[in-house]
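First up is the structure itself, then whatever we jot down about it.
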Amino acid sequence: MRILDVFGKEDLAKVYVASMRDNDKYMVEFVESTQPPIPRDKKWVLIVSSLFGCPVGCRMCDAGGKFFGKLKTDEILQQIDYLVKKRYPDGKIPVPKFKIQFARMGEPSMNPNVLDALARLPEVYDAPGLLPSLSTVAPANGKDFFEGLIKIKDKYYSNGRFQLQFSIHSTNSASRDELIPIKKWSFEEIAEYGARFHKDGDKKITLNFATAKGYEVDPENVREYFDPNLFLIKLTPLNPTVRVKESRLESAIDPYDSNSAAKIVEDFKSHGFDVILSIGEVEENKIGSNCGQYVTQYRTTQTSIKEGYETHKYQMGSN
């Protein structure tokens with residue numbers, strides 16, 4: 001793995017762009033971040049890629065478009081190891097919450113090597129706080145992966161040491177198909193799987209809505225299918241990616257005003273759901289650690305992350 005570029009803030013988040021296989025065709029990006037005001041020695045978050053690009057093409061995600069295949073298990077682990085060795089060369093990670101998110105480039109269920117990486121993590125690192133997290137749009141052809149995920153979770157990450165998130169985005173099926181243009185599980189299928197995945201002591205499964213104006217999010221509809229004892233709701237603003245701008249999507253939640261989500265939060269709570277309003281630090285949008293994919297920009301323009309950051313910051317304004 002060869003690092004091509006890096007940018008960010010040490011006390012918030014840093015984004016890394018790297019090439020694999022001695023070929024810049026195979027580029028990935030990965031992130032390390034904190035969650036202010038929680039210090040890094042209490043919570044450390046790594047976000048890694050599982051595909052070279054992504055064939056899904058979600059309307060809010062810049063990773064879609066070009067797709068060059070799956071990362072090997074070692075290539076997934078190399079991203080993690082690069083960041084770990086910088087801070088903990090001996091592989092001993094004393095952080096109480098060491099979270100690894102399979103959520104950067106690529107739909108993870110399209111790569112069975114993600115399961116292998118998950119199985120190897122407890123062997124590679126001495127990390128009592130290890131908490132893997134996997135985010136998926138639930139592709140219809142992912143049955144084998146998801147059955148394998150249950151086995152991996154039960155064997156290595158029981159009793160609340162794994163987070164699973166389904167990215168839903170809209171409760172209207174036509175709108176959901178527009179935002180996530182592949183064949184995917186229905187709400188019934190996600191609910192059925194969740195009932196088998198969740199065991200006593202496990203964390204609730206997350207249903208994520210990156211809310212966009214004009215795209216229905218109906219708590220009553222969610223409650224019809226999903227048990228609040230097994231599922232919780234995460235609401236996020238749309239991140240200002242290139243695809244969001246091209247698709248002319250507008251966030252239903254103002255990242256500068258959490259009160260803009262007050263009604264939808266209360267509506268979900270009134271239906272019995274725990275709700276996470278995940279807005280985060282606006283500066284992360286400017287860095288690009290929680291939105292966008294720099295690989296696309298780097299490949300098409302050879303623009304460095306720093307130059308892209310300055311452009312992104314200018315486009316967002318000075319807030």
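Rule-based calculations on the coordinates, nothing more; no lab input. All of these numbers come straight from a predicted model, not from anything done at the bench. Here the Cβ is made from the backbone with ideal geometry for all residues, glycine too, and neighbour counts use every protein chain on show.
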*Determine one quarter of the surface area of the Cα convex hull of the chain, which equals its mean projected area, and express it in nm² to one decimal.*
15.0 nm²
_At q = 0.27 Å⁻¹, what log₁₀ I(q)/I(0) does segment 88-144 have when each alpha carbon counts as one equal point scatterer in the Debye sum?_
-1.13
_Modelling each spin label as a point 7 Å along the Cα-to-Cβ direction, I'd like the S247/L230 distance in nm, to one decimal._
2.8 nm
*State log₁₀ I(q)/I(0) for segment 17-143 at q = 0.09, 0.12 Å⁻¹ as given by the Debye formula over alpha-carbon point scatterers of equal weight, solvent excluded.*
-0.25, -0.45
*Treat each spin label as a single point 7 Å out from the Cα along the C-beta direction, and report the D126 to D274 distance in nm.*
3.1 nm
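Just need the relative contact order of the chain here, percent rounded to a whole number, with Cα pairs under 8 Å and 6+ apart.
Details: 616 pairs, mean separation 52.6, N = 319.
Result for the chain is 16 percent.
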*Taking the DSSP beta bridges in segment 2-316 as the whole, what percent of them are antiparallel, to the nearest 5?*
45 percent
*Past the 28 Å Cα-Cα mark, which pairs from K86/K143; K99/K199; K43/K204?*
K86/K143
*asked:* Debye calculation, C-alpha points only, no solvent: report log10 I(q)/I(0) for segment 102-177 at q = 0.12, 0.16 Å⁻¹, in the same order as the q values.
replied: -0.37, -0.62
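Dipole of the chain, Cα-centred, from +1 at each Lys and Arg C-beta and -1 at each Asp and Glu C-beta, to the nearest 20 debye? Write out the running numbers ahead of the final one.
Working: 44 positive and 44 negative charges, 139 e Å.
So the dipole magnitude of the chain works out to roughly 660 debye.
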_With 10 angstrom as the radius, rank S175, S186 by how many other C-beta atoms surround their C-beta, starting from the fewest._
S186, S175
*asked:* Helix-only mean residue ellipticity at 222 nm, the chain, DSSP H runs n ≥ 4 weighted -39,500 (n - 2.57), per residue, nearest 500. What is it?
replied: -9500 deg cm²/dmol
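Counting other beta carbons within 10 Å of each Cβ, put L207, L121 in order, fewest first. Present the calculation step by step, with values, prior to reporting the outcome.
Values: L207 25, L121 19.
Least to most surrounded, the residues fall as L121, L207.
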*At 0.36 nm per residue, minus the direct Cα-Cα distance, what do D90 and R2 gain on full extension? Give it in nm, one decimal, please.*
29.5 nm
*Of E188, E224, E32, how do they rank once you tally other Cβ atoms within 10 Å and put the fewest first?*
E188, E224, E32
_If I require 18 Å or longer along the helix axis, counting alpha carbons, and a Kyte-Doolittle average no lower than 0.0, what helices from the chain are left? Use full DSSP H segments._
none
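Fully extended, how many nm does the chain gain between S158 and E10 (0.36 nm per residue separation, minus their Cα-Cα distance)?
Details: separation 148, 0.36 × 148 = 53.28 nm, distance 3.21 nm.
Between S158 and E10, full extension yields 50.1 nm more.
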